[in-house]
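Here's the structure, in structure tokens; my notes come after.
The values are calculated or read from the model by the stated rules, or taken from the named source; none is laboratory data. Treat the numbers as computed from the prediction; the structure is a model and nothing was measured. Note: ideal-geometry Cβ built from the backbone for every residue, glycine included; neighbour counts use all protein chains shown. For accessibility, only protein heavy atoms count, side chains too; no ligands or nucleic acids. Shrake-Rupley method; radii C 1.70, N 1.55, O 1.52, S 1.80 Å.
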2 protein chains.
Amino acid sequence: MSEMVNVAVDGMGGDNAPAETVKGAVNAVVADQRVKVFLVGKEPVIKEELKKYTYDRARLEIVHTEEVIETGEPPVMAIRQKKDSSIVKCMYMVKDGQCDALVSAGSTGAILVGGQVIVGRIKGIERPPLAPLIPNMNGISLLLDCGANVDAKPSQLVQFARMGSIYMESVIGVKNPKVGLVNIGVEEEKGNALTKETYPMLQKCPEINFIGNVEARDIPMGVADVLVCEAFAGNIVLKMLEGVSDALIHKIKEGMMSSFKSKLGALMVKPALKKTLKSFSTEEYGGAPLLGLNGLVVKTHGSSKAIEIQNSILQCIAFKEQNINQKIKEQIVP
Amino acid sequence: MSEMVNVAVDGMGGDNAPAETVKGAVNAVVADQRVKVFLVGKEPVIKEELKKYTYDRARLEIVHTEEVIETGEPPVMAIRQKKDSSIVKCMYMVKDGQCDALVSAGSTGAILVGGQVIVGRIKGIERPPLAPLIPNMNGISLLLDCGANVDAKPSQLVQFARMGSIYMESVIGVKNPKVGLVNIGVEEEKGNALTKETYPMLQKCPEINFIGNVEARDIPMGVADVLVCEAFAGNIVLKMLEGVSDALIHKIKEGMMSSFKSKLGALMVKPALKKTLKSFSTEEYGGAPLLGLNGLVVKTHGSSKAIEIQNSILQCIAFKEQNINQKIKEQIVP
């Protein structure tokens with residue numbers, strides 16, 4: 001048997017905590033023997049939730065904390081002051097080596113700050129990008145950076161590209177992943193100062209499969225497996241993907257309800273549509289790892305349901321077993 | 001009768017020229033008595049197309065040019081060397097005052113360069129933004145800048161906000177349009193160096209209705225009438241809107257064709273869906289004006305059909321009759 005993968009799960013973070021978080025944690029433990037989960041948060045409420053389930057108690061422990069960091073709190077202050085919060089506790093469990101990874105649906109800001117300040121960067125990594133998997137017409141792409149570092153430098157984007165390649169190849173199983181630079185035109189000379197300087201640097205990386213610039217229009221078509229950009233642009237890509245999907249689906253439902261005939265038709269297409277649209281939802285693909293830290297920090301949607309928590313926990317297995325951080329250290333750090 | 005609105009139309013630009021361009025020009029002339037169109041391009045081919053239609057010949061003239069600027073050509077060079085191209089000719093007709101506006105579906109780069117170099121900026125305007133109307137769930141928003149000026153400065157974004165407000169209020173008829181700054185969070189302190197510096201400057205503009213930061217997620221919901229951003233971000237917003245819509249509609253069709261039952265249902269919802277989706281297409285709203293020039297330059301999609309050319313021409317009427325450039329001069333120029 002391979003070594004156990006220990007995952008700290010923030011039992012208090014997210015809109016649906018603790019009910020969905022606890023359910024997701026239990027499901028992960030049931031689904032895979034290799035996982036041990038530490039549910040971090042207020043013991044009484046977590047205990048209450050756990051009563052609903054049957055699971056291997058040796059692989060699910062509660063770690064009590066008293067405080068909770070709310071979404072609206074200034075992250076730096078919250079991390080500094082709320083030492084007994086579930087997020088901070090999870091961070092220390094990873095830092096101290098008690099856990100390999102942590103999963104939280106809590107405050108993005110606190111997770112980004114805590115990841116850097118408490119867990120800490122791998123030596124040589126300039127900035128840890130937040131890297132969600134996003135759906136495209138044929139599968140998924142890794143988008144990085146997506147919120148951690150605005151106004152990034154070219155050398156940082158190059159590290160994003162290299163870490164993203166390792167992740168897609170080793171965790172997701174995409175052979176020789178295609179790396180694209182998000183830009184406003186496909187020609188090399190297109191773009192802003194950042195992309196113009198980054199392009200030739202990516203071309204000179206023999207260990208990645210750089211396919212050149214990718215226009216936002218082609219992102220949903222799935223032209224690249226790894227999408228590299230600075231966090232402001234990445235955030236717009238991610239949020240437009242979510243917003244346009246939501247708006248369009250709303251419009252389609254409205255259209256289908258507009259006449260008696262279309263209502264009847266809607267009933268008939270509904271099951272097929274549901275399946276299709278599910279494959280195009282950003283919530284189907286587990287959480288977003290913060291890459292380049294001394295341990296794995298996974299941020300899941302604030303609105304995560306049990307399935308996303310479960311997937312995020314299971315994602316940590318491949319991350320550990322594939323030695324992602326060892327690969328990052330060997331291949332990237334100068 | 002009010003004064004005639006003279007519009008130069010690039011008869012050679014775009015994927016569907018000259019057939020659709022000529023058709024759109026004729027339809028515009030037929031639709032509105034106030035318009036006179038100068039169709040600029042190779043006279044023999046335009047003449048041939050015009051044979052198909054009946055229209056008021058006093059309000060549609062051909063202006064012969066020999067050259068054509070192709071989409072792939074380096075714009076600065078093309079504008080400088082191809083003096084007898086349809087785009088350059090249109091530009092000079094506006095510069096010389098023979099026309100109030102020009103409409104082209106040709107090379108975006110050549111139009112941006114020609115607009116600045118030949119037509120020229122209004123004195124005091126730092127940069128002319130390209131400002132397409134984009135659909136949202138409840139109507140349309142003006143997105144600027146969307147391709148003309150990457151790495152813009154805060155003072156330029158403030159001018160975009162003010163010009164955009166004038167345009168939405170006077171041309172589109174939105175009273176006291178809501179102006180939002182495209183950002184990665186709604187709080188004032190969120191964003192990159194550019195948005196952080198721009199936010200308080202927009203707050204200090206009494207003549208605009210600044211509603212604060214707008215996250216990309218909320219753009220398709222229609223939270224703002226005028227969306228202000230630097231061109232790299234604006235391009236991503238526009239292209240993601242197009243790309244996600246296309247991908248999702250493709251997925252939906254695929255889903256509907258996946259079973260016999262869903263195929264039957266699809267037939268019944270099709271007419272209603274078609275109407276709904278049309279209202280959410282970026283191609284339905286005429287062209288994108290380049291604001292802040294000495295005259296009006298309208299860029300329409302490279303794939304424009306007659307309806308878009310027609311709408312773009314008709315858009316020039318309100319622009320002239322509402323004295324947009326006079327308002328820009330009075331309200332914005334220091």
Can you tell me which of (1) within 13 Å of chain A (Cβ to nearest Cβ); (2) open to solvent by 10 Å² or more (accessible area, probe 1.4 Å); (3) hydrophobic (A, V, I, L, M, F, W, C) is the one B:PHE319 doesn't meet? (1)
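Counting only residues that are β-branched (Val, Ile, Thr), within 7 Å of chain B (Cβ to nearest Cβ) and closer than 24 Å to A:MET163 by Cβ, how many does region A:223-256 have? Full working, then the answer.
Start the filter on region A:223-256 by keeping residues that are β-branched (Val, Ile, Thr), which leaves A:223, A:226, A:228, A:236-237, A:244, A:249, A:252.
Retained after the next criterion (residues that are within 7 Å of chain B (Cβ to nearest Cβ)): A:236-237, A:244, A:252.
Subsequent filtering for residues that are closer than 24 Å to A:MET163 by Cβ retains A:236-237.
So the answer is 2.
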If I filter region A:46-80 down to residues being hydrophobic (A, V, I, L, M, F, W, C) and farther than 30 Å from B:GLU187 by Cβ, which single residue comes out as surrounded by the fewest Cβ atoms within 10 Å (Cβ to Cβ)? A:ALA58
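If you check A:LEU273, A:LEU181, A:LEU267, A:LEU238, which single one turns out to be open to solvent by 10 Å² or more (accessible area, probe 1.4 Å), touching a residue at least 24 places away in the same chain (Cβ under 8 Å) and either within 23 Å of B:SER281 (Cβ to Cβ) or outside any loop (DSSP other than H, G, I, E, B) (or both)? Give the steps one after another, and end with the answer.
Values: A:LEU273 fails: touching a residue at least 24 places away in the same chain (Cβ under 8 Å); A:LEU181 fails: open to solvent by 10 Å² or more (accessible area, probe 1.4 Å); A:LEU267 fails: touching a residue at least 24 places away in the same chain (Cβ under 8 Å).
Matching residue, one of A:LEU273, A:LEU181, A:LEU267, A:LEU238: A:LEU238.
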Does A:ASP246 fit the bill of being of a type in the set (Asp, Glu) and either open to solvent by less than 10 Å² (accessible area, probe 1.4 Å) or touching a strand residue (DSSP E or B) at 6+ places or on another chain (Cβ under 8 Å) (or both)? no
So B:ILE252 passes all but one of these: (1) of a type in the set (A, V, I, L, M, F, W, C); (2) free of Cβ contacts under 8 Å to residues at least 40 places away in the same chain; (3) surrounded by fewer than 19 Cβ atoms within 10 Å (Cβ to Cβ). Which condition number does it fail? (3)
Run A:GLY286 past the list (1) within 29 Å of B:LYS274 (Cβ to Cβ); (2) open to solvent by less than 40 Å² (accessible area, probe 1.4 Å); (3) not β-branched (Val, Ile, Thr) and report the number of the one that doesn't hold. (1)
When region B:82-106 is checked residue by residue, the ones that are out of contact with any Leu (no Cβ under 8 Å at 6 or more places or on another chain) and either in a helix (DSSP H, G or I) or of a type in the set (A, V, I, L, M) (or both) are B:SER86, B:ILE87, B:VAL88, B:LYS89, B:TYR92, B:LYS95, B:VAL103, B:ALA105
Output the residues belonging to region B:238-288 that are over 12 Å from A:VAL269 (Cβ atoms) and of a type in the set (S, T, N, Q). B:SER245, B:THR276, B:SER279, B:SER281, B:THR282
So for region B:99-106 (the condition being open to solvent by 20 Å² or more (accessible area, probe 1.4 Å) and modelled with pLDDT of 95 or more), does at least one residue qualify? yes
So, in region B:290-316, exactly how many residues are out of contact with any Gly (no Cβ under 6 Å at 6 or more places or on another chain) and open to solvent by 30 Å² or more (accessible area, probe 1.4 Å)? 5
Determine the pairs where a residue that is among the hydroxyl-bearing types (Ser, Thr, Tyr), located within region B:76-103, has a partner that is buried (at least 23 other Cβ atoms within 10 Å of the Cβ) and part of a loop (DSSP other than H, G, I, E, B) with Cβ atoms under 7 Å apart, the partner being 6 or more residues away or on another chain. B:SER85/B:ILE69; B:SER86/B:GLY11; B:SER86/B:MET12; B:SER86/B:GLY13
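What about B:GLY109, is it farther than 30 Å from A:HIS250 by Cβ, in a loop (DSSP other than H, G, I, E, B) and out of contact with any Phe, Trp or Tyr (no Cβ under 7 Å at 6 or more places or on another chain)?
On the way: farther than 30 Å from A:HIS250 by Cβ: yes; in a loop (DSSP other than H, G, I, E, B): no; out of contact with any Phe, Trp or Tyr (no Cβ under 7 Å at 6 or more places or on another chain): yes.
Answer is no for this residue.
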Selection from region B:127-145 of residues that are open to solvent by 10 Å² or more (accessible area, probe 1.4 Å), within 12 Å of chain A (Cβ to nearest Cβ), of a type in the set (A, V, I, L, M, F, W, C) and over 20 Å from B:GLY115 (Cβ atoms): B:MET137
Looking at (1) facing chain B (nearest Cβ under 7 Å); (2) over 21 Å from B:CYS146 (Cβ atoms); (3) in a helix (DSSP H, G or I), which is the one condition that is false for A:PHE280? (3)
Would you please list the contacts, defined by Cβ atoms under 7 Å and residues six or more apart or on different chains, that run from a residue in region A:309-334 that is over 15 Å from A:LEU133 (Cα atoms) to a residue that is of a type in the set (Ser, Thr, Tyr) and open to solvent by 30 Å² or more (accessible area, probe 1.4 Å)? A:GLU321/A:SER2
I'm told A:LEU39 meets every condition in (1) surrounded by fewer than 19 Cβ atoms within 10 Å (Cβ to Cβ); (2) within 29 Å of A:ALA148 (Cβ to Cβ) except one. Can you identify the failing condition by its number? (1)
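Of B:ILE208, B:ILE219, B:ILE172, which residue is away from chain A (no Cβ under 14 Å) and either in contact with a Ser or Thr (Cβ under 8 Å, 6 or more places away or on another chain) or within 25 Å of A:THR71 (Cα to Cα) (or both)?
Numbers: B:ILE219 fails: away from chain A (no Cβ under 14 Å); B:ILE172 fails: either in contact with a Ser or Thr (Cβ under 8 Å, 6 or more places away or on another chain) or within 25 Å of A:THR71 (Cα to Cα) (or both).
Being away from chain A (no Cβ under 14 Å) and either in contact with a Ser or Thr (Cβ under 8 Å, 6 or more places away or on another chain) or within 25 Å of A:THR71 (Cα to Cα) (or both) holds for just one of B:ILE208, B:ILE219, B:ILE172, which is B:ILE208.
Suppose the filter is within 15 Å of the chain's Cα centre (by Cα), touching a residue at least 24 places away in the same chain (Cβ under 8 Å) and within 8 Å of another protein chain (Cβ to nearest Cβ); does B:ALA288 pass it?
On the way: within 15 Å of the chain's Cα centre (by Cα): yes; touching a residue at least 24 places away in the same chain (Cβ under 8 Å): yes; within 8 Å of another protein chain (Cβ to nearest Cβ): no.
So B:ALA288 fails the test.
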Single residue of region B:188-222 satisfying the filter (under 17 Å from A:VAL244 (Cα atoms) and without any contact (Cβ under 8 Å) to a residue 60 or more places away in the chain) that is most open to solvent (accessible area, probe 1.4 Å): B:ARG217
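The rows are residues; the columns are (1) of a type in the set (D, E, K, R); (2) more than 19 Å from B:LYS239 (Cα to Cα); (3) assigned to a strand (DSSP E or B).
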{"position": "A:SER141", "(1), (2), (3)": "no, no, yes"}
{"position": "A:ALA148", "(1), (2), (3)": "no, yes, no"}
{"position": "A:SER155", "(1), (2), (3)": "no, yes, no"}
{"position": "A:ILE166", "(1), (2), (3)": "no, yes, no"}
{"position": "A:SER170", "(1), (2), (3)": "no, yes, no"}
{"position": "A:GLY185", "(1), (2), (3)": "no, no, no"}
{"position": "A:TYR199", "(1), (2), (3)": "no, yes, no"}
{"position": "A:CYS205", "(1), (2), (3)": "no, yes, no"}
{"position": "A:PHE210", "(1), (2), (3)": "no, yes, yes"}
